[in-house]
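Chemist: This is the structure I have questions about; it appears just below.
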Amino acid sequence: MEKKWWQSSVVYQIYPRSFADSNGDGMGDIPGITGKIEYLKKLGVNVLWICPIYQSPQDDNGYDISDYRTVYPEFGTMEDMKILIQKCQDNDIKIIMDLVVNHTSDEHPWFIEAKKSLDNPYRDYYIWRKGEDGQPPNDLMSNFGGSAWEYSPETDEYYLHFYSKKQPDLNWENPKLRQKIYDMMNWWLDQGIAGFRMDVIDLIGKIPDQKIKENGPMLHKYLQEMNEATFGHRDSMTVGECWGATPEIGRLYTDPARKELSMIFQFEQIQLDKKPGGQRWDLKPLYLPDLKCVFSKWQTELEGHGWNSLFWNNHDLPRIVSRWGNDGDYRVLSAKMLATLLHGMKGTPYIYQGEEIGMTNVPFQTIDEFPDIETQNIYQERLKAGFTEEETMYAIRAKARDNARTPMQWNAEKNAGFTEGTPWYRVNPNYKEINVEQALADPESVFYHYQKLIQLRKEHEVMVYGTYQLLFPEDEDLYIYTRTLEEEKWLIVCNFHEKTRKLQCKRAGQVMLSNYADTPAAEKITELRPYEAVIYQME
Ligand code: TEU
Ligand code: CA
């Protein structure tokens with residue numbers, strides 16, 4: 001495969017409303033991001049993925065867009081965006097924007113028109129069906145709970161929404177709509193951005209009458225058309241969000257010969273702590289061999305046929321150190337172990353804001369402390385389904401998206417240095433110990449471990465292009481694998497748990513990185529301490 005700049009890149013995801021507030025109104029904003037470029041440069045990332053900053057009623061924090069070409073005023077202006085793009089260019093940092101085109105806001109002019117009458121020219125931009133005896137057309141469900149159909153009295157029909165009823169689904173079967181989207185994408189590319197992260201892109205081929213949501217028959221045709229009409233002619237990077245992808249499907253998206261996307265986010269590993277057949281709220285403990293199985297499958301099956309993205313976290317997921325690490329006594333060690341495990345693999349790593357300082361889940365207790373629309377809906381649904389308040393809140397505390405959305409912790413001062421005003425969402429009370437200023441002052445911090453991992457990737461091609469091989473697949477505590485590029489062979493060993501573990505590993509080598517200060521260079525490894533993670537260059 002031809003080498004691409006985004007294969008050796010490391011991406012940093014920014015959730016603008018919670019990143020940095022420049023004007024004291026309590027909301028993070030674009031100038032806030034611009035003010036932190038030096039920090040990001042120091043970390044070493046070279047791509048930013050910026051979550052939606054477009055005009056929006058903010059029913060789903062900007063994933064409900066009412067104008068794709070205008071910036072939401074609380075986030076700033078198009079001028080601010082230009083300044084950010086320029087500053088990033090000056091620092092060799094590229095920007096990819098969130099592309100939300102499965103749905104718009106119900107306040108988008110297209111929808112305002114479409115709902116007016118059956119023969120409105122925009123009617124067919126959305127998906128409308130007649131009801132059946134006063135009921136929705138079928139039992140398709142919204143991902144935020146409840147029916148996916150909302151009644152629209154103006155025309156006595158229902159429209160489809162796979163998310164909130166303020167997020168009507170677009171009708172991708174309409175070629176005019178598709179062209180409008182491609183024009184908008186080109187307009188953004190012309191502003192100097194490097195590509196897109198594509199929100200729930202696997203839904204655009206939906207066939208609601210057959211209850212097909214993900215992976216509809218036209219999905220890849222649309223993506224090939226989009227590629228040809230927009231980013232395909234530029235040296236861009238694209239990543240599709242694909243909850244329902246298997247490696248076979250992953251190859252369809254990312255095999256370069258097919259001219260679709262650079263890579264996708266797949267979520268198989270993310271779902272390993274939910275009960276089979278259950279929802280993400282039906283929790284079960286993670287069994288490490290399952291994680292190895294999923295990661296290894298993707299590593300192996302995309303080898304030579306596509307490209308992986310690597311991530312633990314995003315704005316929809318709980319904090320990894322609280323989830324599969326240990327956010328108590330072993331917070332720093334386990335955050336570094338998780339980082340090593342992920343960044344050692346083949347693919348493009350993504351870091352979600354705050355992950356690089358080991359930010360944790362929130363300790364909040366009651367439902368009103370979890371404002372997200374999904375959490376609020378699910379709370380009601382779970383109670384209705386017969387779960388107790390306690391069970392429901394237990395699941396919400398473990399999994400709610402709110403965990404990822406508290407303000408970034410910059411220092412130990414008021415509001416963690418995020419805002420001079422009142423933050424839109426409470427700061428995690430642990431900000432006095434966990435913050436950027438503390439991390440930068442401590443050479444042993446999680447931050448510097450991420451910095452070193454990024455540096456290793458820049459200096460050693462084996463970290464980018466080496467093939468992956470899993471060792472000891474059945475071991476329940478240790479995750480061990482190699483990366484090989486021609487003569488170069490690296491060994492990555494991670495103790496996933498709190499106990500010291502004996503092992504017989506006959507060859508090790510020179511230590512390239514460890515989360516313990518005193519890990520010796522070794523001919524062989526006999527023991528791993530709690531959460532120990534080491535990268536060896538084998539002789
Ligand atoms: O999320 C896709 C998605 O499927 C979510 O329902 C996800 O499963 C859930 O949030 C996990 O709790 C994308 C965005 O990342 C998310 O923020 C948006 O709310 C959603 O699309 C709608 O645009
Ligand atoms: Ca602000």
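The values are calculated or read from the model by the stated rules, or taken from the named source; none is laboratory data. The structure presented is a predicted model; accordingly, all values stated were derived computationally and were not measured. Cβ coordinates were reconstructed from backbone atoms using ideal geometry, including for glycine residues, and neighbour counts include every protein chain displayed.
Chemist: Identify the residue in the range 497-506 that is within 14 Å of R529 (Cα to Cα) and charged (D, E, K, R) and, among all such residues, is surrounded by the fewest Cβ atoms within 10 Å (Cβ to Cβ).
Modeler: That would be K502.
Chemist: Name the residues in the range 452-467 that are touching a Ser or Thr at 6+ places or on another chain (Cβ under 8 Å) and not in a helix (DSSP H, G or I), would you?
Modeler: G466, T467 - these are the residues of the range 452-467 that are touching a Ser or Thr at 6+ places or on another chain (Cβ under 8 Å) and not in a helix (DSSP H, G or I).
Chemist: Of all residues in the range 117-129, count the ones that are more than 36 Å from the chain's Cα centre (by Cα) and either surrounded by 12 or more Cβ atoms within 10 Å (Cβ to Cβ) or within 16 Å of Y151 (Cα to Cα) (or both).
Modeler: Qualifying residue count for the region: 3.
Chemist: While we're looking at this one, here's another question. Do the conditions hold for A148, that is, is it over 22 Å from the mean Cα position of the chain (by Cα) and crowded, with 19+ Cβ neighbours inside 10 Å?
Modeler: Working: over 22 Å from the mean Cα position of the chain (by Cα): yes; crowded, with 19+ Cβ neighbours inside 10 Å: yes.
The answer is yes for A148.
Chemist: If only one of P208, P136, P175 is more than 16 Å from ligand 2 (Cβ to nearest atom), of a type outside the set (A, V, I, L, M) and over 30 Å from L383 (Cβ atoms), which one is it?
Modeler: Only one candidate passes the filter, namely P175.
Chemist: In this structure, does I249 turn out to be within 15 Å of ligand 1 (Cβ to nearest atom), of a type outside the set (D, E, K, R), touching a residue at least 12 places away in the same chain (Cβ under 8 Å) and surrounded by 15 or more Cβ atoms within 10 Å (Cβ to Cβ)?
Modeler: Numbers: within 15 Å of ligand 1 (Cβ to nearest atom): no; of a type outside the set (D, E, K, R): yes; touching a residue at least 12 places away in the same chain (Cβ under 8 Å): yes; surrounded by 15 or more Cβ atoms within 10 Å (Cβ to Cβ): yes.
Spelling it out, it is not the case that I249 is within 15 Å of ligand 1 (Cβ to nearest atom), of a type outside the set (D, E, K, R), touching a residue at least 12 places away in the same chain (Cβ under 8 Å) and surrounded by 15 or more Cβ atoms within 10 Å (Cβ to Cβ).
Rundown of residues vs (1) in a helix (DSSP H, G or I); (2) surrounded by fewer than 21 Cβ atoms within 10 Å (Cβ to Cβ), yes/no style:
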| site | (1), (2) |
| --- | --- |
| D60 | no, no |
| D64 | no, no |
| E74 | yes, yes |
| L84 | yes, no |
| C88 | yes, no |
| D92 | no, yes |
| M97 | no, no |
| S105 | no, no |
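Chemist: Only residues in the range 260-289 that are free of Cβ contacts under 8 Å to residues at least 24 places away in the same chain and part of a loop (DSSP other than H, G, I, E, B) count as the first member; pair them with residues that are among the aromatic types (F, W, Y) and surrounded by fewer than 21 Cβ atoms within 10 Å (Cβ to Cβ), Cβ under 6 angstrom, at least 6 apart or cross-chain, and list the lot.
Modeler: Once the first residue is free of Cβ contacts under 8 Å to residues at least 24 places away in the same chain and part of a loop (DSSP other than H, G, I, E, B) and sits in the range 260-289, no partner that is among the aromatic types (F, W, Y) and surrounded by fewer than 21 Cβ atoms within 10 Å (Cβ to Cβ) comes close enough.
Chemist: Which of the residues that make up the range 372-392 are surrounded by 15 or more Cβ atoms within 10 Å (Cβ to Cβ), free of Cβ contacts under 8 Å to residues at least 60 places away in the same chain and assigned to a loop (DSSP other than H, G, I, E, B)?
Modeler: Of everything in the range 372-392, just one residue is surrounded by 15 or more Cβ atoms within 10 Å (Cβ to Cβ), free of Cβ contacts under 8 Å to residues at least 60 places away in the same chain and assigned to a loop (DSSP other than H, G, I, E, B), namely F387.
Chemist: Take G244 and decide whether it is within 16 Å of ligand 1 (Cβ to nearest atom) and modelled with pLDDT under 95.
Modeler: It is true that G244 is within 16 Å of ligand 1 (Cβ to nearest atom) and modelled with pLDDT under 95.
Chemist: Please verify whether A416 is in the same structural domain as D290 (by TED's automatic domain parsing), hydrophobic (A, V, I, L, M, F, W, C), more than 16 Å from ligand 2 (Cβ to nearest atom) and part of a helix (DSSP H, G or I), treating the condition exactly as stated. Spell out the reasoning first.
Modeler: Values: in the same structural domain as D290 (by TED's automatic domain parsing): yes; hydrophobic (A, V, I, L, M, F, W, C): yes; more than 16 Å from ligand 2 (Cβ to nearest atom): no; part of a helix (DSSP H, G or I): yes.
When the stated conditions are applied, A416 does not pass them.
Chemist: A further question follows. When you look at G216, is it outside the structural domain of Y54 (by TED's automatic domain parsing), more than 16 Å from ligand 1 (Cβ to nearest atom) and either touching an Asp or Glu at 6+ places or on another chain (Cβ under 9 Å) or touching a residue at least 24 places away in the same chain (Cβ under 8 Å) (or both), yes or no? Explain how you work it out, then say what you get.
Modeler: On the way: outside the structural domain of Y54 (by TED's automatic domain parsing): yes; more than 16 Å from ligand 1 (Cβ to nearest atom): no; either touching an Asp or Glu at 6+ places or on another chain (Cβ under 9 Å) or touching a residue at least 24 places away in the same chain (Cβ under 8 Å) (or both): yes.
Taking the combined requirement at face value, the residue does not satisfy it.
Chemist: Say whether the condition of being of a type in the set (K, R), crowded, with 16+ Cβ neighbours inside 10 Å, assigned to a strand (DSSP E or B) and modelled with pLDDT of 95 or more is met by at least one residue in the range 477-496. Working first, answer last.
Modeler: Residues of the range 477-496 of a type in the set (K, R): 483, 489.
Right, trim to crowded, with 16+ Cβ neighbours inside 10 Å and you get 483, 489.
The next check asks that each one be assigned to a strand (DSSP E or B); those that pass are 483, 489.
Now restrict to residues that are modelled with pLDDT of 95 or more: 483, 489.
Yes, the range 477-496 has at least one match.
Chemist: Next question. Given the residues G76, G62, which is the only one that is more than 16 Å from ligand 1 (Cβ to nearest atom) and either at pLDDT 95 or above or more than 20 Å from the chain's Cα centre (by Cα) (or both)?
Modeler: Working: G62 fails: more than 16 Å from ligand 1 (Cβ to nearest atom).
Checking each option against the conditions leaves just G76.
Chemist: Among (1) within 14 Å of ligand 1 (Cβ to nearest atom); (2) in contact with a Lys or Arg (Cβ under 9 Å, 6 or more places away or on another chain), which single condition is K115 missing?
Modeler: Of everything listed in (1) within 14 Å of ligand 1 (Cβ to nearest atom); (2) in contact with a Lys or Arg (Cβ under 9 Å, 6 or more places away or on another chain), K115 misses just condition (1).
Chemist: Still on this structure, I have one more. Quick test of your reading of the structure: L470 fulfils all but one of (1) surrounded by fewer than 18 Cβ atoms within 10 Å (Cβ to Cβ); (2) at pLDDT 95 or above; (3) part of a strand (DSSP E or B); (4) more than 27 Å from the chain's Cα centre (by Cα). Name the failing condition by number.
Modeler: (4)
Chemist: Here's something else I'd like to know. If you go through the range 223-231 one residue at a time, do you hit one that is within 15 Å of V100 (Cβ to Cβ), surrounded by 16 or more Cβ atoms within 10 Å (Cβ to Cβ) and touching a Gly at 6+ places or on another chain (Cβ under 9 Å)?
Modeler: The answer is yes; a qualifying residue exists.
Chemist: Among the residues of the range 247-274, which ones are under 17 Å from the mean Cα position of the chain (by Cα) and farther than 16 Å from G347 by Cα? It would help to see each step written out before you state the result.
Modeler: Residues of the range 247-274 under 17 Å from the mean Cα position of the chain (by Cα): 250, 261-272.
The answer is I270, Q271, L272.
Chemist: Quick check on my filter: what residues within the range 13-35 are outside any helix (DSSP H, G or I), more than 9 Å from ligand 2 (Cβ to nearest atom) and surrounded by 19 or more Cβ atoms within 10 Å (Cβ to Cβ)?
Modeler: Q13, I14, Y15, F19
Chemist: Can you name every residue in the range 506-539 that is part of a strand (DSSP E or B), at pLDDT below 90 and not β-branched (V, I, T)? Full working, then the answer.
Modeler: Here is the first cut: in the range 506-539, the ones part of a strand (DSSP E or B) are 509-514, 522, 525-528, 533-537.
Restricting the remaining residues to those that are at pLDDT below 90 gives 509, 522, 525-526.
G509, A522 - these are the residues of the range 506-539 that are part of a strand (DSSP E or B), at pLDDT below 90 and not β-branched (V, I, T).
Chemist: Just to be sure I understand, how many residues within the range 261-280 are in contact with a strand residue (DSSP E or B) (Cβ under 8 Å, 6 or more places away or on another chain) and not aliphatic (A, V, I, L, M)? Don't jump to the end; show me each part of the working.
Modeler: Going residue by residue through the range 261-280, those that are in contact with a strand residue (DSSP E or B) (Cβ under 8 Å, 6 or more places away or on another chain) are 261-267, 273-275, 280.
From what's left, not aliphatic (A, V, I, L, M): 262, 265-267, 273-275, 280.
Qualifying residue count, the range 261-280: 8.
Chemist: Residues S22, S18: which one is within 16 Å of ligand 1 (Cβ to nearest atom) and of a type in the set (G, A, S)? Talk me through it step by step, then tell me what you get.
Modeler: On the way: S22 fails: within 16 Å of ligand 1 (Cβ to nearest atom).
None of the others qualify; the one that does is S18.
Chemist: Would you tally the residues in the range 88-118 being out of contact with any helix residue (DSSP H, G or I) (no Cβ under 9 Å at 6 or more places or on another chain) and on the phi > 0 side of the Ramachandran plot?
Modeler: Of the residues in the range 88-118, 0 are out of contact with any helix residue (DSSP H, G or I) (no Cβ under 9 Å at 6 or more places or on another chain) and on the phi > 0 side of the Ramachandran plot.
Chemist: Now for a different question. Check T300, T348, T340 and return the single one that is surrounded by fewer than 20 Cβ atoms within 10 Å (Cβ to Cβ), touching a strand residue (DSSP E or B) at 6+ places or on another chain (Cβ under 8 Å) and among the polar types (S, T, N, Q). Can you show your working first?
Modeler: Values: T348 fails: surrounded by fewer than 20 Cβ atoms within 10 Å (Cβ to Cβ); T340 fails: surrounded by fewer than 20 Cβ atoms within 10 Å (Cβ to Cβ).
On inspection, the qualifying residue turns out to be T300.
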